Amino acid sequence: MPLTPTTSASLVDQAIEGMRALLASGEWTVGTRIPPEPALAAALGVSRNTVREAVRALAHLGVLHVRRGDGTYVAAATEMQALMRRQVDRVDLEHLLEVRHAIEVRAAALAAERRTAEDLAVLDAIMARRHEALEKSDGEGFIGADVDFHVAVVAAAHNPLLAELYDGLVETLRASIDLPGTADALAAEHDAVLDAVRAGDPVAAAAAGAELLDHVER
């Protein structure tokens, strides 16, 4: 069978796929600066011009952000995440909360059905961090653990598309969390979600997830 000649367009696609692989593997995380053109060209086995075109394409999609004189940074892990973040910036808070309900409540139910022992260990560790941060009055640590809890529940649903959609809400979620006082007003609601997921009860998990979000909105 004759070989198909390699075109400049296919080389750009090859470079884009190589960069997507680096994003998917976690080697390139959001906020980090990617290597300069010469290093990328060598790593991907293409020319600098090809790398430049690939970077331009991913920047247009919102995955990369080019800062003149400073370099290129990862803005989103996937095109879906970039799209979700753009949409989130344009919608009302009420609409955003409705989307959170749609994703988190369903994810809690699915997590109760599909969670693994590893998922439960991750959730237990996050809750321990959350309680410890509260005791130490570590506001940043508390917010980080709170966000991680919601992300871990969605991850325990084992639906990659659901997780990717939710990932686009994470930064907005982080900004919306209030620092706790001397007591964690939502500790019982978080515990109820985890208990239902652990028990494998999707109905109780969905109800607990909805109750938690109802308290967040008040």
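Please go through the range 84-94 and give me each residue that is assigned to a helix (DSSP H, G or I) and either of a type in the set (Val, Ile, Thr) or surrounded by 18 or more Cβ atoms within 10 Å (Cβ to Cβ) (or both), ordered by number.
Met84, Arg85, Val88
Scan the range 75-93 and give yes if some residue there is more than 30 Å from Asp214 (Cα to Cα), in contact with a strand residue (DSSP E or B) (Cβ under 8 Å, 6 or more places away or on another chain) and at pLDDT 90 or above, otherwise no.
No, the range 75-93 contains no residue that is more than 30 Å from Asp214 (Cα to Cα), in contact with a strand residue (DSSP E or B) (Cβ under 8 Å, 6 or more places away or on another chain) and at pLDDT 90 or above.
Looking at Ala183, Ala192, can you tell me which residue is at pLDDT 85 or above and among the hydrophobic types (A, V, I, L, M, F, W, C)?
Among Ala183, Ala192, only Ala192 is at pLDDT 85 or above and among the hydrophobic types (A, V, I, L, M, F, W, C).
Let's see how each residue does on (1) at pLDDT below 85; (2) more than 28 Å from Gln87 (Cβ to Cβ):
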position: Arg130; (1), (2): no, yes
position: Asp146; (1), (2): no, no
position: Leu161; (1), (2): no, no
position: Val170; (1), (2): yes, no
position: Ala175; (1), (2): yes, no
position: Ala199; (1), (2): no, yes
position: Ala204; (1), (2): no, yes
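Within the range 140-159, how many residues turn out to be within 11 Å of the chain's Cα centre (by Cα) and not small (Gly, Ala, Ser)?
So the answer is 5.
What do you reckon, is Leu97 at pLDDT below 90, in contact with a helix residue (DSSP H, G or I) (Cβ under 8 Å, 6 or more places away or on another chain), surrounded by 14 or more Cβ atoms within 10 Å (Cβ to Cβ) and in a helix (DSSP H, G or I)?
Against the criterion (at pLDDT below 90, in contact with a helix residue (DSSP H, G or I) (Cβ under 8 Å, 6 or more places away or on another chain), surrounded by 14 or more Cβ atoms within 10 Å (Cβ to Cβ) and in a helix (DSSP H, G or I)), Leu97 qualifies.
Only one residue in Gly69, Gly26 is over 17 Å from Gly168 (Cα atoms) and surrounded by fewer than 13 Cβ atoms within 10 Å (Cβ to Cβ). Which one?
Gly69
Output yes when any residue across the range 60-73 is modelled with pLDDT of 85 or more and in a helix (DSSP H, G or I), and no when none is.
Yes, the range 60-73 contains a residue that is modelled with pLDDT of 85 or more and in a helix (DSSP H, G or I).
The values are calculated or read from the model by the stated rules, or taken from the named source; none is laboratory data. Worth saying up front: this structure is predicted, and the values here are computed from it rather than measured. Every residue, glycine among them, receives a Cβ derived from its backbone with ideal geometry; neighbour counts consider all protein chains shown.
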